[in-house]
1. Along the Cα→Cβ direction, 7 angstrom out, place labels at MET46 and TRP141. What is the inter-label distance in nm?
2. Find, among the trypsin sites (Lys or Arg not before Pro) in segment 66-118, those assigned to loop by DSSP (not H, G, I, E, B) with at most 15 other beta-carbon atoms within 10 angstrom.
3. If you take the Cα Rg of the chain and divide it by 2.2 N^0.38 Å, with N the number of residues, what do you get?
4. Going by Cα centres, segment 144-198 and segment 49-102 are how many Å apart?
5. Before rounding to the nearest 500, sum -39500 (n - 2.57) across all DSSP H runs of length at least 4 in the chain and divide by the residue total; then give [θ] at 222 nm in deg cm²/dmol.
6. Compute the FRET efficiency between ALA162 and PHE38 as 1/(1 + (r/R0)^6), taking r as their Cβ-Cβ distance and R0 = 30 Å, and round to the nearest 0.05.
7. Through the Karplus equation 6.51 cos²θ - 1.76 cosθ + 1.60, θ set to phi - 60°, convert the phi angles of segment 175-187 into ³J(HN,Hα) values in whole Hz; use x for Gly and Pro.
8. About its Cα centre, how strong a charge dipole does segment 77-177 have in debye, to the nearest 20, once Lys and Arg get +1 and Asp and Glu get -1 at the Cβ?
Amino acid sequence: MHPRWNLMIIAAILVLTFALSIAAYPYLPNRIATHWGFSGEANGFMPKAEGLFIVPLISAGLALLLLAIPRIDPLKENIRKFRADYDRFIAVVLLFLLSLQILVILWNLGARFNFSQILSPAFGVLYYAIGILVGRARRNWFIGIRTPWTLSSEQVWDRTHALGGRLFKIAGILCLGGAVLPGLAWLFILGPVLVISVWLVVYSYREYGKEQEGHPGRQEG
């Protein structure tokens with residue numbers, strides 16, 4: 001897809017997020033639920049004017065930050081090699097936040113559901129998208145699994161990201177378990193990602209050590 005179309009899709013998602021929030025505003029109570037605990041029940045509330053626009057504002061700020069990264073990264077040439085995947089990932093993140101905003105609006109309009117259970121598939125899609133991006137990311141300073149060892153070696157970066165891409169896709173699939181077992185939803189959402197994150201740091205360290213043992217005195221730029 002042409003980069004211009006990617007930007008138009010990102011802009012359209014942002015406009016829709018704000019438009020839905022503005023349209024829902026007159027129908028919501030003066031204080032709305034904005035936070036839910038592990039049980040899926042609301043446990044935090046804010047004034048409507050503030051609480052309703054937290055997610056749209058976060059979405060806009062995050063989109064601007066993510067779109068700025070390819071311009072400021074010293075290794076921007078590498079980002080260009082997977083820029084289409086990166087732009088699609090931004091769209092997935094914004095769609096995730098849009099789905100969260102829709103759930104917030106529905107809850108405050110009177111619908112009742114287990115928030116963690118409903119969000120599990122959304123997290124699954126997000127993690128799977130992370131897996132796709134990670135598996136295709138080239139070495140840079142902002143996007144991907146950035147440890148001292150991946151940033152010091154092109155080969156360690158490639159091996160770590162190839163593994164990370166597969167593992168995050170698996171984490172996305174495991175998230176679906178939260179939709180079936182709502183009492184364990186947050187375990188399915190957070191558990192695999194925490195384990196994967198720690199393992200990838202250890203893996204990159206070990207791979208760098210093996211590389212240095214095979215090439216004594218060698219340093220990667």
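Just so you know, all these numbers are worked out from the coordinates, no wet-lab data involved. Only a predicted model underlies this, so the values are computations on that prediction, with no experimental measurement involved. Please note: Cβ atoms are built from the backbone with ideal geometry, for glycine as well, and neighbour counts cover all protein chains shown.
1. That separation, rounded to one decimal, is 3.2 nm.
2. Details: sites: ARG71, LYS76, ARG80, LYS81, ARG83, ARG88, ARG112; in loops: LYS81, ARG112.
Qualifying residues, ordered by number: LYS81, ARG112.
3. Numbers: Rg = 19.9 Å, N = 221, 2.2 N^0.38 = 17.1 Å.
Compactness ratio reported: 1.16.
4. Taking the Cα centre of segment 49-102 as reference, the centre of segment 144-198 is 20 Å away.
5. Numbers: 9 runs with 153 residues, N = 221.
Counting only the DSSP helices, I get -23000 deg cm²/dmol.
6. On the way: r = 33 Å, r/R0 = 1.11.
For ALA162 and PHE38, the calculated efficiency is 0.35.
7. Each residue's phi maps through the Karplus curve to give 4, 5, x, x, 6, 8, 10, x, x, 10, 4, 5, 5 Hz.
8. Details: 12 positive and 5 negative charges, 29 e Å.
I would put it at about 140 debye.
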